[in-house]
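Shown next, in structure tokens, is the structure this report addresses.
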Amino acid sequence: MWTDDLRAQIEANAPPALCVAFSGGPDSTALLHTLAQLPEARERGLRALHVDHGLQTGSTSWAKHCADFCESLAVPLTMLRVQVDHTRGEGVEAAARRARYAAFAENLDKGEWLVLGHHRDDQVETVLLKLLRGAGPEGLGGMRALRPFALGWLWRPLLETPSEELRTYLSEKAFPCIDDPANANLRFARNVLRREILPRIAAHWPHADASILHSAQLCRTAADYIEAAAQTALATLRRDADTLDVTGWLALPEALRAPVLDTWLHANGFCAPPDASRAELAKQAANASEDSTPLIAWPGTEIRIWDGRLHAMPSLSVPAANWHTQWRGAPLELPPDCGELHLEAMPPASTHATGTPFDPPLTVRFREGGERIKPAGDPHTRELRDLFQQARVPPWLRTCCPLIYENDQLIAVADLWISERGKTVFDACGVRPHWTRPVWCRLG
């Protein structure tokens, strides 16, 4: 009996706290009711979260239904209203899922286990959908029963339980459940599989579900092995500022190259690339000349190849042409993705405060090409291009590096180089300019 198995899983795993993702549908209703009957679950502060996506006209009444049901069980319920972002081009189903899981992550306590009602039939559908989308071993391994999530864990204890057993349980209890009309909408791929494809497969191959799940288990075993190997390889390929060694990455076996890249990207908060972008990255990495800086981009992410390394960062904004502003010494927020410019006191402490305005003001702008400066202590005037190259400043960082002028004379390049005249100007106030690099810069 699946209810006995649920109790056994709690006793074996000993989760510190349990929180059910409760939609009010049949699966989560059976799960929440069963857990509410178990002292082992009650002892772990059993509670529920309900997400209202606002996509259905009846969502308000659904929320009330969930509240009434939880009240009847004496289970605390938190109601979450989310806004579904339709602008990413990923479809309503995917957008709603993204919004839902973001709400779960934000409301999950440290160490808490979020319990989901996904069952055996859901797993079969997931594996087939992944197959149709061209997934590898990780995707074909299906949903994991337990994985880290936000500050806690995501737990699917019913993955071996057929949906029929859950429906029988609900029928015996005569519990009312929410019937989401979206579950019958054949615009959604999962519904097509569930209502049209899988019944026809079962008619010809009665044990197809068992075979699909057996294959999924084999893929999961392979995926876990590959993941461990990828973590080991990644540890040897990471370089300063969490960049990735290009030569070493290209030398990896084909089976490891994509997992290593994806693991590295995920660790830095980025999504894995589409297959076409991944192939282009490998091509550019193999053929890039020493003085080039190839850029491969997909929504929200850019990878640049430079100095023998892969550099990952968000999609960067380029400062507007001819951008400039006057600067009297107060903290200056630069254009997007360019950081901030401010002053730091230099020892010994000066009688002048770091916020003392420059009068007349200095001018801050960005590179236009051909700039030159004679750094203090250097007998030669240098082209800024040469200084950047010698200092190994990444090309994309040069674009957003603030240049400080007195009238038309370049006196400082952020906090990298200061001329004799600049030193005189800043010494008069007992300060030095300091450029707080943009957040993404830690990845470059």
field: Flag if residue 212 is hydrophobic (A, V, I, L, M, F, W, C) and closer than 30 Å to residue 266 by Cα
entry: yes
field: Pairs, first closer than 23 Å to residue 29 by Cα and without any contact (Cβ under 8 Å) to a residue 40 or more places away in the chain in region 118-145, second open to solvent by 40 Å² or more (accessible area, probe 1.4 Å) and not polar (S, T, N, Q), C-beta under 7 Å, six or more apart
entry: 143/118
- prompt: Restricting attention to region 293-341, and to residues there that are open to solvent by 50 Å² or more (accessible area, probe 1.4 Å) and not in a loop (DSSP other than H, G, I, E, B), which single residue is farthest from residue 403 (Cα to Cα)?
  reply: 297
- prompt: Which helices (runs of 4 or more DSSP H) does region 159-248 wholly contain that include 1 or more residues that are free of Cβ contacts under 8 Å to residues at least 12 places away in the same chain and loosely packed, with under 12 Cβ neighbours inside 10 Å?
  reply: 163-173, 198-204, 208-237
Which numbered condition residue 103 misses (of (1) surrounded by 15 or more Cβ atoms within 10 Å (Cβ to Cβ); (2) small (Gly, Ala, Ser); (3) part of a loop (DSSP other than H, G, I, E, B)): (3)
- prompt: Which members of region 1-25 meet the condition of being touching a helix residue (DSSP H, G or I) at 6+ places or on another chain (Cβ under 9 Å), open to solvent by 20 Å² or more (accessible area, probe 1.4 Å) and closer than 21 Å to residue 80 by Cβ?
  reply: 23
- prompt: Among the strands (runs of 3 or more DSSP E) contained in region 354-444, which hold 3 or more residues that are open to solvent by 20 Å² or more (accessible area, probe 1.4 Å) and over 21 Å from residue 291 (Cα atoms)?
  reply: 431-436
Total residues in region 68-99, condition assigned to a helix (DSSP H, G or I), modelled with pLDDT of 90 or more and open to solvent by 40 Å² or more (accessible area, probe 1.4 Å): 3
message: Just to be sure before I move on: is residue 264 open to solvent by less than 80 Å² (accessible area, probe 1.4 Å), closer than 18 Å to residue 307 by Cβ and under 17 Å from the mean Cα position of the chain (by Cα) in the structure I sent?
response: yes
- prompt: Among the residues of region 112-135, how many are of a type in the set (A, V, I, L, M), open to solvent by less than 20 Å² (accessible area, probe 1.4 Å) and closer than 11 Å to residue 212 by Cβ?
  reply: 2
- request: Look through region 29-58, keep the residues that are open to solvent by less than 40 Å² (accessible area, probe 1.4 Å) and under 25 Å from residue 85 (Cα atoms), and return whichever of them is nearest to the chain's Cα centre (by Cα).
  value: 51
query: Which ones in region 252-261 are exposed (fewer than 12 other Cβ atoms within 10 Å of the Cβ) and either of a type in the set (Phe, Trp, Tyr) or not in a helix (DSSP H, G or I) (or both)?
result: 253
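The values are calculated or read from the model by the stated rules, or taken from the named source; none is laboratory data. Quick caveat, the model's predicted, so the values are computed rather than measured. Virtual Cβ from ideal backbone geometry, glycine too; neighbours counted across all protein chains shown. Only protein heavy atoms, including side chains, enter the accessible area calculation; ligands, DNA and RNA are left aside. Shrake-Rupley method; radii C 1.70, N 1.55, O 1.52, S 1.80 Å.
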